[in-house]
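Quick notes on the structure that follows.
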Amino acid sequence: MNGRLSAASLPASARFEASQAARRARTSVGISTAGATVLTPFAINNFLQGRTLLGIATAGVSLCLAVNALAGLRGKSPPIPAKVVFLPVLFALLISIQTQGMVGILWSFPAILLIHFILDARTSNLYNATIIGAAAPLIWAQYDVASAVRAGATLALVMVFANIFSRLTEAQQRQEAEQRERLDLIVRATRAGTLEWIGATEEVTYSSLLKEMLGYAPDADTAGWRSFLDFIHPEDRPDVEKRFRREIDDRSVKNGVKRLEKRSYRLLRADGEAIWIQAEAIVLTGPDGRAQRYIASFIDMTDRHRYEDALRASRDQVEAQAKQLERQNHELVEAIRGREEVERMAQHDIRTPLNSIVAVPRLLRESPRLRTDEKELLGVVESAAYRILNLVNLTLDLYRMERGTYRFQPQSVDLLVIVDAVTRDLATHAASKRVSFELRVDGGGHDGARAVARAEELLCYSILANLVKNAMEASPDDSIVRIDVTSGDPLSLRIHNAGAVPASIRDSFFEKYSTAGKAGGTGIGTYSARLMARVQGGDLAMETSEADGTTLTLTLGGADGRPNPAPAPTPDRSGSDPALVPARVLLVDDDEYNLVFLRSLLPSPPLSIDTAINGRAAVARAETQRPDVIFMDLDMPVMDGFEALAEIRRGQAGRHETPSRVIAFSSYNDEATRQRALDAGFDHFLNKPARRRELFALLPGAAGPEGEVEVDPQLAATMPGFLATRRALAADILAAATAGRADELRRLAHRLAGSLSLYGFERAAAIARRLQDGATSDAAAPEALARELVEHLEHVRIRIRNGSPGEAT
Amino acid sequence: MNPRKKILVIDDDAAIIEFLRAKLADHDIVATESARDAVALALEHKPDLILCDINMPEVDGGDVSVALFNDDVVRAIPFVYLTGLTTPKDLGARGGHLGGRAALSKHMPPDELVGRIRNFLN
């Protein structure tokens with residue numbers, strides 16, 4: 001095996017020729033030895049018998065063969081060429097035939113075989129033909145033609161057989177060589193080293209690759225090597241050796257091949273480094289089941305083990321990071337949940353009871369038995385509760401502004417009205433410091449002037465209350481706080497006082513918790529004021545110096561519309577109630593005070609009022625009472641408002657009843673809740689606490705199935721035309737619904753829904769949307785809805801926002 | 001505050017056009033109730049923004065969008081669908097886009113809608 005692999009650089013055919021030549025050399029040594037040994041006695045005998053010439057020839061052959069055999073045994077190439085040997089052979093044969101007749105002919109047979117085996121095929125055939133050609137005439141001369149022919153034929157036959165034999169052997173050997181060649185290729189390609197152990201001799205052959213794996217040169221001499229087992233890592237060796245012995249000793253398979261299981265262990269290289277290998281082996285057994293050969297292949301797995309180690313390490317790392325992320329995520333979720341909980345708590349758990357505190361004094365004050373001073377005291381309670389409610393709302397809004405989730409809902413706000421209210425609130429306080437306020441609009445007086453901003457009233461109130469109060473407090477005694485308003489777009493409002501902001505906090509003036517040690521100051525005022533200004537698309541800036549005092553400049557977007565009415569902290573009890581028609585109203589709320597309060601606002605008769613304490617109770621009442629209008633709280637135990645609405649709608653559709661008008665009535669005042677309620681199919685969304693007017697607007701009144709619609713002043717001019725086209729569309733819708741033309745109905749409803757919602761006709765838009773979605777499975781329902789839509793649009797009262805209600809024509 | 005911009009509105013409902021004229025009075029509104037005129041008007045007026053309804057008879061908003069996109073001159077003009085087909089919530093879930101174009105829902109609160117349109121102008 002070693003020889004073959006060390007000649008690995010030669011091409012396969014050349015390697016085969018080389019191996020053939022070597023074989024012939026070995027054969028020729030054997031034949032030469034045998035020939036010399038056999039012929040020598042005959043040569044001596046020839047001399048003794050007086051056949052001198054024959055003796056010389058025989059001795060010549062013998063001598064040549066002996067010389068070559070000796071050289072061959074010493075591992076050298078034969079000194080006498082085969083061609084030279086041929087001459088004494090031919091000479092001896094011819095003399096023998098001439099002198100000894102038959103004996104000479106007999107010698108011809110071994111001579112032909114001799115020539116065949118010591119020379120290559122072509123030369124030997126040529127020489128042997130010469131022998132036959134020379135012998136035949138001699139035999140004819142001595143005997144007859146027939147003998148000559150017979151002798152020639154048998155000699156030729158021997159020659160042919162010898163050729164056939166050689167060819168067969170050579171073919172077989174060539175085939176074997178090719179197989180080995182292929183095996184070597186495979187072994188080299190898989191980078192596997194091999195080891196072959198021969199049981200009879202305990203001899204071990206290492207392939208060159210295995211030697212390289214073990215850290216030796218590929219052609220290293222393995223003769224003096226220790227046992228292969230010594231290469232195994234000491235920690236793995238006992239186990240490997242035990243298995244090896246067991247496998248060798250197992251004699252269950254006779255005359256066959258045992259395939260041994262794969263295993264991985266470490267080998268120690270010549271340089272002491274350990275490598276991981278995967279070993280695979282087969283054992284060839286003899287007739288007694290004893291192992292005759294053990295052939296093993298080894299693949300170096302060190303790199304793979306290294307990758308696997310690295311992989312394992314990085315997987316561990318990734319797992320650790322994932323765990324950490326998971327933990328962080330969990331903490332984050334907890335934190336968010338905590339914040340949401342706070343918001344929720346503020347929304348519901350504080351606002352709901354506050355609503356009762358606002359409502360109950362209001363109810364009590366209506367009692368005719370109260371004295372005026374008692375009414376005033378109740379008024380104080382009510383306005384205090386309103387202030388707390390506003391504060392809670394503001395806190396929530398600030399929280400949303402900080403988180404960036406606040407939705408700015410601009411209105412037209414007259415800042416002068418607010419400034420007026422703010423300065424009046426501070427009047428007592430200012431008087432004690434002898435500080436006065438001076439308000440100028442566009443450089444002049446403010447009587448009859450207006451400065452309308454695109455803003456939110458409550459936010460403006462909060463900003464100005466804060467800034468004016470700060471300015472007043474920071475002013476030296478006996479000084480003036482000047483408020484200069486410049487109208488337009490943007491609109492600016494400057495508040496000036498003679499005091500300077502302390503140098504230490506000038507840079508951090510608008511930062512959270514920045515305070516100059518003011519008694520009771522939280523440092524949140526200026527921070528939130530700027531936050532509120534920015535949320536409204538404006539800004540707040542400060543300039544200060546010892547010489548000029550301090551000026552705060554608030555800028556806001558201007559608006560040309562008419563401003564909203566000033567905030568009315570006391571409930572609006574004035575004005576005539578719209579005439580109500582008899583109707584069944586169901587109030588649903590889990591807070592009994594809210595039920596009491598609502599009931600007190602709704603006159604009975606003409607209304608008949610029923611109440612339910614949660615969604616499930618509401619569903620039951622709706623079945624028996626068939627209410628026209630339902631005011632439904634959203635957040636209730638047992639069954640919430642959304643679920644109850646779905647149940648009620650389902651039930652009414654099933655019973656072919658005209659759907660109730662269901663109003664979501666919630667203390668959540670955020671846009672998301674409003675949208676969610678409208679998406680869920682509520683006809684309206686109303687915030688708690690509601691004013692009487694807002695409630696009445698949703699009740700079936702003398703004016704039809706809806707009170708009035710508040711319209712954007714900018715759209716006022718379009719109203720008559722808009723109403724006319726919408727009424728026409730609604731009539732078409734009713735016609736389509738009556739005729740059951742579903743596609744047309746849906747198309748018209750779609751068209752109507754889009755525009756109605758934009759013009760603020762929310763109730764009508766909701767009906768149109770329901771018609772458009774075809775949400776009602778009941779065939780009669782579209783017609784009922786369409787009729788409701790027509791009636792609503794026919795009788796709806798248009799109130800221009802901030803203006804007085806007016807009948808649309 | 002802002003320079004006057006030109007807006008092309010395509011909607012088969014005149015009420016929508018009137019609404020936009022009223023609320024965006026500080027800008028020039030070019031409008032048509034017929035989607036067939038859209039490309040011609042866009043070429044003639046070179047508006048700063050195109051607002052287009054989707055659900056219209058004969059030629060719908062999608063056709064208008066394609067026609068405008070296929071014209072090298074008007075392709076670059078910002079185009080926004082103004083549709084009543086979806087709720088603001090559904091539209092939000094689609095990232096405010098329909099068919100690869102920005103879209104606004106007619107069902108969103110009117111002031112917010114106008115604010116969004118103004119944002120598109122800036």
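The values are calculated or read from the model by the stated rules, or taken from the named source; none is laboratory data. All values reported here derive from a predicted model rather than from experimental measurement. Cβ coordinates were reconstructed from backbone atoms using ideal geometry, including for glycine residues, and neighbour counts include every protein chain displayed. Ligands, DNA and RNA are excluded from the accessible area calculation, which covers all protein heavy atoms including side chains. Shrake-Rupley method; radii C 1.70, N 1.55, O 1.52, S 1.80 Å.
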### Query
Any idea which of A:357, A:336 is modelled with pLDDT under 80, in a helix (DSSP H, G or I), open to solvent by 40 Å² or more (accessible area, probe 1.4 Å) and touching a helix residue (DSSP H, G or I) at 6+ places or on another chain (Cβ under 8 Å)?
A:357
### Query
Just one of the numbered conditions (1) among the basic types (Lys, Arg); (2) modelled with pLDDT under 85; (3) touching a helix residue (DSSP H, G or I) at 6+ places or on another chain (Cβ under 7 Å) is not true of residue A:727; which one?
(2)
### Query
Got at least one residue in the range A:421-437 being within 14 Å of another protein chain (Cβ to nearest Cβ) and either open to solvent by 60 Å² or more (accessible area, probe 1.4 Å) or in contact (Cβ under 8 Å) with a residue 40 or more places away in the chain (or both)?
no
### Query
Looking at B:26, B:11, which is the one that is surrounded by 15 or more Cβ atoms within 10 Å (Cβ to Cβ) and either of a type outside the set (A, V, I, L, M, F, W, C) or away from chain A (no Cβ under 14 Å) (or both)?
B:11
### Summary
Picking from B:55, B:119, the residue that is at pLDDT 85 or above and within 12 Å of another protein chain (Cβ to nearest Cβ) would be B:119
### Message
Being closer than 21 Å to residue A:434 by Cβ, open to solvent by 10 Å² or more (accessible area, probe 1.4 Å) and touching a residue at least 24 places away in the same chain (Cβ under 8 Å) is the filter here; which residues of the range A:466-496 pass it?
### Response
A:469, A:470, A:473, A:474, A:477, A:478, A:479, A:480, A:482, A:496
### Query
What number of residues within the range B:102-116 satisfy the criterion of being more than 10 Å from chain A (Cβ to nearest Cβ) and surrounded by 20 or more Cβ atoms within 10 Å (Cβ to Cβ)?
2
### Message
Can you tell me which residue is nearest to residue A:31 (Cα to Cα) among those in the range A:138-155 that are open to solvent by 50 Å² or more (accessible area, probe 1.4 Å) and not aromatic (Phe, Trp, Tyr)?
### Response
A:154
### Summary
Of those in the range A:740-771 that are of a type in the set (Asp, Glu) and within 12 Å of another protein chain (Cβ to nearest Cβ), the residue surrounded by the most Cβ atoms within 10 Å (Cβ to Cβ) is A:762
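Taking residue A:417, is it open to solvent by 40 Å² or more (accessible area, probe 1.4 Å), under 16 Å from residue A:483 (Cα atoms) and more than 14 Å from chain B (Cβ to nearest Cβ)? Outline the logic, then answer.
On the way: open to solvent by 40 Å² or more (accessible area, probe 1.4 Å): yes; under 16 Å from residue A:483 (Cα atoms): yes; more than 14 Å from chain B (Cβ to nearest Cβ): yes.
The answer is yes for residue A:417.
Can you tell me which residue among A:638, A:619 is more than 44 Å from the chain's Cα centre (by Cα) and in contact (Cβ under 8 Å) with a residue 12 or more places away in the chain?
A:619
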### Summary
Exception for residue B:37 within (1) more than 9 Å from chain A (Cβ to nearest Cβ); (2) acidic (Asp, Glu); (3) under 23 Å from residue A:730 (Cβ atoms) falls at (3)
### Query
Given the structure, is residue A:56 within 24 Å of residue A:161 (Cβ to Cβ), out of contact with any strand residue (DSSP E or B) (no Cβ under 8 Å at 6 or more places or on another chain) and surrounded by 14 or more Cβ atoms within 10 Å (Cβ to Cβ)?
no
### Task
Answer yes or no as to whether residue B:76 is surrounded by fewer than 21 Cβ atoms within 10 Å (Cβ to Cβ), without any contact (Cβ under 8 Å) to a residue 40 or more places away in the chain and in contact with an Asp or Glu (Cβ under 9 Å, 6 or more places away or on another chain).
no
### Summary
residue B:64 vs (1) within 14 Å of chain A (Cβ to nearest Cβ); (2) open to solvent by less than 20 Å² (accessible area, probe 1.4 Å): all pass except (1)
### Task
Specify which of the listed residues (A:445, A:404) is open to solvent by 40 Å² or more (accessible area, probe 1.4 Å) and over 40 Å from the mean Cα position of the chain (by Cα).
A:445
### Query
Looking at the range A:115-137, which of its residues are more than 24 Å from residue A:30 (Cβ to Cβ) and open to solvent by 40 Å² or more (accessible area, probe 1.4 Å)?
A:129, A:130, A:133, A:137
### Query
Restricting the first residue to the range B:88-100 and requiring it to be more than 14 Å from chain A (Cβ to nearest Cβ), which pairs with a second residue that is aromatic (Phe, Trp, Tyr) meet a Cβ separation below 7 Å and a spacing of at least six or different chains?
B:98/B:81
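So which of B:33, B:44 is more than 24 Å from residue A:756 (Cβ to Cβ) and open to solvent by 40 Å² or more (accessible area, probe 1.4 Å)?
B:44
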### Summary
Here the residues within the range B:78-87 that are over 19 Å from residue A:772 (Cβ atoms) and either among the aliphatic types (A, V, I, L, M) or facing chain A (nearest Cβ under 9 Å) (or both) are B:80
### Summary
A careful count of residues in the range A:774-807 that are of a type in the set (Val, Ile, Thr) and at pLDDT 75 or above gives 3
